[in-house]
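The values are calculated or read from the model by the stated rules, or taken from the named source; none is laboratory data. What you are looking at is a predicted structure, and each value in this text was computed from that prediction instead of being measured. Virtual Cβ from ideal backbone geometry, glycine too; neighbours counted across all protein chains shown.
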């Protein structure tokens, strides 16, 4: 298991400043990820160092640019990125994680329990089904990382976001270029290049009514 010094070194390119408690939570989360990944397919990345850089670093990098508060909906969360990871740096968030695979949902609940994270809800619906049963426009932020089918994801996400709320997407550069054409309801800020991200960017759109 990585120590605090090595973790800080790996996160240095992302300019993140974590408290002692946040560092402890991240290391616990990482340990669970590595152990569960031997039993179920959470991520194709097998090394701790690469998991820190690719998953935690890229997910938490948005905190350099945005302060998140209120309710967050994370679509296709998988192993909890970015939604559950963001709970580390914004502990007051109420996070809803959408993950259709039952084994992954069990893992996400275990991370929340062991890391003593409150206000975390794990649900099994896909976004297109969730919007039919959820309270409309009830989230300040919707996040999604490395999820395809943006032409359906973006309109569905817009139904979940409060007026003036934000949609944060982790995309390739090519996806980011095409996004404004399929999402006229959002005002998109300049893409945020991700350090070490190999053409990856974070795109933040504000819902315009």
Lone qualifier among 76, 57 - being over 30 Å from residue 135 (Cβ atoms) and under 14 Å from the mean Cα position of the chain (by Cα): 57
Helices (runs of 4 or more DSSP H) contained entirely in the range 1-115, each with at least 3 residues that are in contact with a helix residue (DSSP H, G or I) (Cβ under 6 Å, 6 or more places away or on another chain), within 17 Å of residue 143 (Cβ to Cβ) and at pLDDT 95 or above: 83-89
Odd one out for residue 190 among (1) modelled with pLDDT of 90 or more; (2) under 19 Å from residue 75 (Cβ atoms); (3) not in a strand (DSSP E or B): (2)
Count - residues of the range 155-174 that are without any contact (Cβ under 8 Å) to a residue 40 or more places away in the chain, in contact with a strand residue (DSSP E or B) (Cβ under 8 Å, 6 or more places away or on another chain) and over 15 Å from residue 68 (Cβ atoms): 3
Among residues of the range 142-154, those that are surrounded by 13 or more Cβ atoms within 10 Å (Cβ to Cβ) and either without any contact (Cβ under 8 Å) to a residue 24 or more places away in the chain or in a loop (DSSP other than H, G, I, E, B) (or both), counted: 2
